[in-house]
Amino acid sequence: METTVKKYTYKDFANDQEVRWCPGCDDYVILRSVQKALPETGVKKEDVVFISGIGCSSRFPYYMGTYGMHGIHGRAPAIASGVKLANPDLSVWVITGDGDSMAIGGNHFIHVLRRNIDLNIILFNNEIYGLTKGQFSPTSLVGQKTKSSPYGNTQPPFQPGELAIGAQARFFARIGGNAPKEMTDIFIEAQKFKGTSLVEVLQNCVIFNDGCYVKYTDKNVREDQQLFVEHGKPMLFGKNKDKGLVLNGLKLETVTIGENGIKEEDILIHDAKTEDPTMHQMLVRLEHPLVTGIIRSFQDVTLEEREDALTAQIKAKSEFRKTNDLFFSGETYQVN
Amino acid sequence: MITLEKNPNTETLDAVVIRFVGDSGDGMQLTGTQFSDTSAMFGNDVATFPNYPSEIRAPQGSLYGVSGFQVHIGSVEVSTPGDNLDLLVAMNPAGLKTNLYAVKPGNTIIIDSDSFTKKNLEKAQYETNPLEDGSLENYRVVQVPMTSLTKEALKDVEGLDNKSITRSKNMFALGMVYWLYDRNPEHTIEFFQKKFKTKPHLIEANTKVLNAGFFYAETIELIPNSYSISPAKMQGGTYRIIMGNTATAWGFLAAAEKSGRELFLGSYPITPATDILHELVKHKHFGVKAFQAEDEIAGISSAIGASFAGDLAITTTSGPGLALKGEALGLAVMIELPLVVVNVQRGGPSTGLPTKTEQSDLMQAMYGRNGESPVIVIAASTPANCFNFAYQASKLALEHMTPVVLLTDGYIANGSAPWKIKSLEEMPEIKNNLVQEVKENWHPYDRDEATLARNWAIPGTPGLEHRVGGLEKDRITGDVSHVPENHEIMTHTRAEKVKRVQNYIPEIEPEFAQEGDLLVIGWGGTYGSLHSAVKQIVEEEGYKNIGFAHFNYINPLPKNTGELLSRFKKILVCELNNGQFVNVLRMNFEEQKFLQFNKIQGLPFANSELIEKFKQIAK
């Protein structure tokens, strides 16, 4: 996969289908970011497969110039697992939404992360059901008024990162839907990462949940409200990069460099690669600032690697090469 | 080594039905398997059926903790595990109580009298001891203190604890039955030598007990006479005893090797289908990818993914699992990928009777999906031909680019019978619809003119990148289409593709009368019971005008079905459900009148009830 003859551009990963998302939808940004990321990963176009479930986001494979399957609601991780186990040389991507992955497909979502198959999952989180026209989803906020919660939602939401890391996700990143450059970089890293990588995109739904992330993603507040983490670097944010995170007991606390004797070396350094998920869980739960970037990237053994090793070991020991060897083995007898 | 002294009183019989029953921990499955293997090697035809509780470790001695194994051996063709017992071996009171109904008066019961203690009698809910109260006087009861005889036989063997000693009493019983039926225990002794390779004291102990049972039966005049069953007339060749579920698994192994596709199984454990998963996970040496998924839906979904990527993909389940797989099966219909779904049927609805057999998922297999969603439906009919139909299901799926539902049931899946081993060279060729080169104006839904199968371009093939999905597709380009006429054409095309499979499957050939008064129809796992009942009534009771047609191909039906039906005055459709196949026939042949015989007790048909029904209708 690493030896690419041809240098692709994003156009190689597009096709002639008319894209039918609502004008202004962040899905366009995600589509273009993926198409721009793929030429940078070195994978061959014919080795790329996009598998989706159901929902607005899940139309995604139809707009790609690669192999793809628009599956059924919630099952994309299971279908994709089959694709990858059948042919581990493929680069397999799962496209899902908050309803698709957190509600109807919740079971597959946690198990695919637990197994750590080398898939890339992009979770389009818009905190609403779009395709069915505006019901609350498992990530909608308490009190949120939707078509199915006209007096306000009473069901507390999942935090996807918290659920994912709880389910042993080895790679988790979060990014705003209006940050194409960072998003592209994260997709490249997700593809390079061996194991299941989950990228949550905070995706604005212009029709049913417009502005749901504006307090974090608006260009005017973004730098003060988002902490974009990078492995090995201090967790600093703010227009002047003078705010940062420190540990106070078992809690993260925001401090300002220069105030109360805080110096830059007091700020926590982000370690995405550590196995221990404790700090990663604290980061995904933080609301002020909201943490974006690659929060966790712990390199672990993949399911395919385990399976391959086992298969090689068994093949080496087994006396069976062909089915005939098996069928005629053991207790057989002759009838004349 | 035992030298066989021919019993002077030996009586020759055609066939014998024996059931070994005891507590779950008494080793009845092993005893039964040893007896049937030995008989098969002797050349008998054999059919077996295990019967064990659905509780994993039921309380010792309880009525619901009884485990049984039934063996039918014959010098003639044997097609079922049998109805009435010639011999019952009961290792405890609970086993006697729950199985006495199956023993015909006058037949033999061998009992471990040591186990008829006050406590065990209470557990079996006997108010008085049946060995003393005269309730068994119509049977030939052989009381043997097996537990104490076993202890006595092992008193000089060192290194055995009390538990291992008591546990081996099943071998005492087996030794007795070997003598009774003129069998050589040598095969079982070899089995001990293999099984206990590193524990020589266990080889010694088990061999001693087996021989003790054999000699006991020979020397003590408790057993009035012995029986011998001559070898059956079977086609020459190499045989092995195989269970239906194993045969199913092996059919897929063979199909994968023959087709050159790797085998992928996506599955979730469910009774009575799990043994197929157990079998296939063993065969990583053949490159089998057996994936135990998080649920039934993920089982089939992962298989669909593997099929998209070019594997021979299968999923295995039982009734409730098929219900969960329905939506995904519809996706496979829509995207027209090869897929085999095995449904080992059990009693339903809902959780129903998980360990009992039934044929009540036929309608679910045919129609259990949203939309117009035709699939090929085929059914295996004996433990051994599960191999052929698993192979055939794979062949049809790959050649016709469609999902296939393969129906078996708990009865044939857990039953075992001799299988004349098929080498791969004997199996028919399996083609596929793979495309590997870019052709001008290529589309993923381009079809084979004869079969209507679409072509199969798998990821990794340069230039053939395309998208499939659950949305309706344009019939030419394969792009999403909501055009009304296109949907109608695609609906007809998918139906026609399945219908045309008729051109590739064998015609149905009736057994016995080719025309006449009554045609008995069955399908799937009831073959053995129906065949032997029709055979009996035709050959022994003189009803020469009865024919028997057993269907393995349900959708589509064999081409000549209508013509066959028209050759008989009356048609009787026998099923272990409330009448499902009969309705498939009614829909297709509305000019015919169909009579039904249905049984819904979680049990196979009994010979006597079939004969009675046939006579009633044929007169």
Q: Output the number of the condition that B:Val16 fails; it satisfies all remaining conditions of (1) open to solvent by 40 Å² or more (accessible area, probe 1.4 Å); (2) at pLDDT 80 or above.
A: (1)
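Could you please let me know if B:Thr477 is surrounded by fewer than 16 Cβ atoms within 10 Å (Cβ to Cβ) and within 14 Å of chain A (Cβ to nearest Cβ)? It would help to see each step written out before you state the result.
Details: surrounded by fewer than 16 Cβ atoms within 10 Å (Cβ to Cβ): yes; within 14 Å of chain A (Cβ to nearest Cβ): yes.
For B:Thr477, the condition - surrounded by fewer than 16 Cβ atoms within 10 Å (Cβ to Cβ) and within 14 Å of chain A (Cβ to nearest Cβ) - is met.
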Q: Output yes when any residue across region B:589-601 is under 30 Å from B:Asn414 (Cα atoms), part of a helix (DSSP H, G or I) and open to solvent by 30 Å² or more (accessible area, probe 1.4 Å), and no when none is.
A: no
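Can you find a residue that is surrounded by fewer than 24 Cβ atoms within 10 Å (Cβ to Cβ) and either among the acidic types (Asp, Glu) or closer than 26 Å to B:Ala313 by Cα (or both) anywhere in region A:21-33? Give the derivation first.
Of region A:21-33, the ones surrounded by fewer than 24 Cβ atoms within 10 Å (Cβ to Cβ) are A:21-25, A:28-29, A:31-32.
Imposing the further condition that a residue be either among the acidic types (Asp, Glu) or closer than 26 Å to B:Ala313 by Cα (or both) reduces the set to none.
Scanning region A:21-33, I find no residue that is surrounded by fewer than 24 Cβ atoms within 10 Å (Cβ to Cβ) and either among the acidic types (Asp, Glu) or closer than 26 Å to B:Ala313 by Cα (or both), so the answer is no.
Would you call A:Ile128 surrounded by 24 or more Cβ atoms within 10 Å (Cβ to Cβ), more than 10 Å from chain B (Cβ to nearest Cβ), farther than 24 Å from B:Gly463 by Cβ and of a type in the set (A, V, I, L, M)? Give the steps one after another, and end with the answer.
Working: surrounded by 24 or more Cβ atoms within 10 Å (Cβ to Cβ): yes; more than 10 Å from chain B (Cβ to nearest Cβ): yes; farther than 24 Å from B:Gly463 by Cβ: yes; of a type in the set (A, V, I, L, M): yes.
Yes, satisfied.
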Q. When both residues are 6+ apart or on different chains and their Cβ atoms are under 8 Å apart, which pairs have a first residue that lies in region B:26-52 and is under 16 Å from B:Leu13 (Cβ atoms), and a second that is surrounded by fewer than 24 Cβ atoms within 10 Å (Cβ to Cβ) and charged (D, E, K, R)?
A. B:Asp45/B:Glu77
Q) Does any residue of region B:149-157 turn out to be among the basic types (Lys, Arg) and open to solvent by 60 Å² or more (accessible area, probe 1.4 Å)? A) yes
Q) Just one of B:Leu353, B:Leu362 is in the same structural domain as B:Gly415 (by TED's automatic domain parsing) and open to solvent by less than 40 Å² (accessible area, probe 1.4 Å); which is it? A) B:Leu362
(Q) Let me confirm something: among B:Ala309, B:Ala323, B:Ala365, B:Ala379, which residue is within 14 Å of chain A (Cβ to nearest Cβ), on the phi < 0 side of the Ramachandran plot and at pLDDT 95 or above? (A) B:Ala309
**Q.** Breaking point among (1) among the hydrophobic types (A, V, I, L, M, F, W, C); (2) open to solvent by 10 Å² or more (accessible area, probe 1.4 Å); (3) more than 20 Å from B:Thr150 (Cβ to Cβ), for B:Leu85
**A.** (2)
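Would you check if B:Asn99 is open to solvent by 20 Å² or more (accessible area, probe 1.4 Å) and among the polar types (S, T, N, Q)?
Values: open to solvent by 20 Å² or more (accessible area, probe 1.4 Å): no; among the polar types (S, T, N, Q): yes.
So B:Asn99 fails the test.
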**Q.** Residue that is farthest from the chain's Cα centre (by Cα), among those in region B:56-75 that are open to solvent by 60 Å² or more (accessible area, probe 1.4 Å) and over 26 Å from B:Asn129 (Cβ atoms)
**A.** B:Arg57
Q.
Suppose we filter region B:485-509 for residues that are in contact with a helix residue (DSSP H, G or I) (Cβ under 9 Å, 6 or more places away or on another chain) and open to solvent by 30 Å² or more (accessible area, probe 1.4 Å); how many remain?
A. 4
Q: Scan region A:59-75 for residues that are at the interface with another protein chain (Cβ under 9 Å from one of its Cβ atoms) and either of a type in the set (D, E, K, R) or within 20 Å of A:Leu202 (Cα to Cα) (or both) and jot them down.
A: A:Arg59, A:Pro61, A:Gly74, A:Arg75
Q. Quick check: is even one residue across region A:279-299 loosely packed, with under 12 Cβ neighbours inside 10 Å, among the β-branched types (Val, Ile, Thr) and either within 18 Å of the chain's Cα centre (by Cα) or under 25 Å from A:Gln191 (Cα atoms) (or both)?
A. no
(Q) Exactly one of these conditions fails for B:Ser566: (1) open to solvent by 30 Å² or more (accessible area, probe 1.4 Å); (2) among the small types (Gly, Ala, Ser); (3) in contact with a Leu (Cβ under 6 Å, 6 or more places away or on another chain). Give me its number. (A) (3)
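Here is a yes/no grid of residues against (1) modelled with pLDDT under 95; (2) of a type in the set (Lys, Arg); (3) closer than 30 Å to B:Lys420 by Cβ; (4) not in a strand (DSSP E or B):
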{"residue": "B:Thr38", "(1), (2), (3), (4)": "yes, no, yes, yes"}
{"residue": "B:Met41", "(1), (2), (3), (4)": "yes, no, yes, yes"}
{"residue": "B:Phe49", "(1), (2), (3), (4)": "yes, no, yes, no"}
{"residue": "B:Gly61", "(1), (2), (3), (4)": "yes, no, no, yes"}
{"residue": "B:Leu88", "(1), (2), (3), (4)": "no, no, no, no"}
{"residue": "B:Gly106", "(1), (2), (3), (4)": "yes, no, no, no"}
Q) If you scan region B:240-252, which residues turn out to be facing another protein chain (nearest Cβ under 10 Å) and more than 20 Å from B:Pro428 (Cα to Cα)? A) B:Arg240, B:Ile241, B:Ile242
Q) Quick one: which of A:Val83, A:Val49, A:Val34, A:Val19 is more than 17 Å from B:His466 (Cα to Cα) and not aromatic (Phe, Trp, Tyr)? A) A:Val34
Q | Subset of region B:386-427 (residues that are touching a Pro at 6+ places or on another chain (Cβ under 6 Å), part of a helix (DSSP H, G or I) and open to solvent by 10 Å² or more (accessible area, probe 1.4 Å)) | A | B:Tyr411, B:Asn414
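Residue check: is B:Gly522 in contact with a His (Cβ under 7 Å, 6 or more places away or on another chain) and not assigned by TED's automatic domain parsing to the domain that holds B:Tyr411?
Working: in contact with a His (Cβ under 7 Å, 6 or more places away or on another chain): yes; not assigned by TED's automatic domain parsing to the domain that holds B:Tyr411: yes.
Judged against the criteria, B:Gly522 is a match.
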Q.
Looking only at region B:253-291, how many residues end up being crowded, with 24+ Cβ neighbours inside 10 Å, closer than 28 Å to B:Val46 by Cβ and within 10 Å of chain A (Cβ to nearest Cβ)?
A. 3
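Looking only at residues in region A:248-268 that are hydrophobic (A, V, I, L, M, F, W, C) and over 19 Å from A:Gln225 (Cα atoms), which one is surrounded by the most Cβ atoms within 10 Å (Cβ to Cβ)? So that I can check it myself, show each step before the final result.
Filtering region A:248-268 down to residues hydrophobic (A, V, I, L, M, F, W, C) leaves A:250, A:252, A:255, A:257, A:262, A:267-268.
Going one step further and asking which of them are over 19 Å from A:Gln225 (Cα atoms), we end up with A:250, A:262.
Details: A:Leu250: 7, A:Ile262: 16.
Looking at residues that are hydrophobic (A, V, I, L, M, F, W, C) and over 19 Å from A:Gln225 (Cα atoms), I get A:Ile262.
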Q: Could you list all residues from region B:558-588 that are assigned to a helix (DSSP H, G or I) and either among the hydrophobic types (A, V, I, L, M, F, W, C) or outside the structural domain of B:Val520 (by TED's automatic domain parsing) (or both)?
A: B:Leu564, B:Leu565, B:Phe581, B:Val582, B:Val584, B:Leu585, B:Met587
Q) From the residues in region A:305-325 that are facing chain B (nearest Cβ under 7 Å) and farther than 18 Å from A:Leu85 by Cα, which one is least open to solvent (accessible area, probe 1.4 Å)? A) A:Thr323
Q.
Filter region A:137-192 down to the residues that are open to solvent by less than 60 Å² (accessible area, probe 1.4 Å), part of a loop (DSSP other than H, G, I, E, B), out of contact with any Phe, Trp or Tyr (no Cβ under 7 Å at 6 or more places or on another chain) and among the hydroxyl-bearing types (Ser, Thr, Tyr) and list them by number.
A. A:Ser140
Q.
Where the second residue is β-branched (Val, Ile, Thr) and the first is touching a residue at least 60 places away in the same chain (Cβ under 8 Å) and lies in region B:508-520, which pairs have Cβ atoms under 7 Å and are six or more apart or on separate chains?
A. B:Asp517/B:Ile546; B:Leu518/B:Ile546; B:Leu518/B:Ile617; B:Val520/B:Val534; B:Val520/B:Ile546
Q.
Residue under question is A:Asp16, and the condition is that it be modelled with pLDDT of 95 or more, within 14 Å of chain B (Cβ to nearest Cβ) and closer than 20 Å to B:Gly463 by Cβ; does it hold?
A. no
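The values are calculated or read from the model by the stated rules, or taken from the named source; none is laboratory data. All values derive from a computational prediction rather than experimental measurement. Cβ coordinates were reconstructed from backbone atoms using ideal geometry, including for glycine residues, and neighbour counts include every protein chain displayed. Areas reflect the complete protein model, heavy atoms only, side chains present, ligands, DNA and RNA absent. Shrake-Rupley method; radii C 1.70, N 1.55, O 1.52, S 1.80 Å.
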